[in-house]
Amino acid sequence: MKRTIAYLSLLFILGVLLYIANPDYGLKFGPGGSEWLSLRYTDNYYITHGLEEVGGTNIVTDIVFDYRGYDTIGEATVLFTAIAGAIALLRPWRRDRA
């Protein structure tokens, strides 16, 4: 009996989360319709001018490596520094034995 109630409550919570995540009925994260298009002008620019300015056929790769190249290099530097710092902190200390 307890297991059935647990499964039904889990199913109910999942249904509520799916309802909330649906953009037509639940929460809306930002404006919609024509107002959304006016605020997302960079997306339309990348899509319409990406092929002729960059020459690549994959728009995601064009954006990451051409339009946002410096940002990508900065993110890679931060990630490498964080990994190197974590390795340096987690590495066991060595003591010199004489």
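The values are calculated or read from the model by the stated rules, or taken from the named source; none is laboratory data. Small disclaimer: the values here were computed from a predicted structure and weren't measured. We place every Cβ from the backbone using ideal geometry, glycine too, and count neighbours over all the protein chains shown.
What are the pairs, 6+ residues apart or on separate chains, where a residue within the stretch 62-89 that is under 24 Å from TYR46 (Cβ atoms) has its Cβ under 7 Å from a residue that is small (Gly, Ala, Ser)? These pairs meet every condition: ASP62/GLY50; ASP62/GLY56. Taking every residue in the stretch 38-61 that is surrounded by 12 or more Cβ atoms within 10 Å (Cβ to Cβ) and pairing it with any residue that is assigned to a loop (DSSP other than H, G, I, E, B), at least 6 positions away or on another chain, the pairs with Cβ-Cβ distances below 9 Å are GLY50/GLY56; LEU51/THR57.
Any residue at all in the stretch 27-37 that is at pLDDT 75 or above and of a type in the set (D, E, K, R)? No, the stretch 27-37 contains no residue that is at pLDDT 75 or above and of a type in the set (D, E, K, R).
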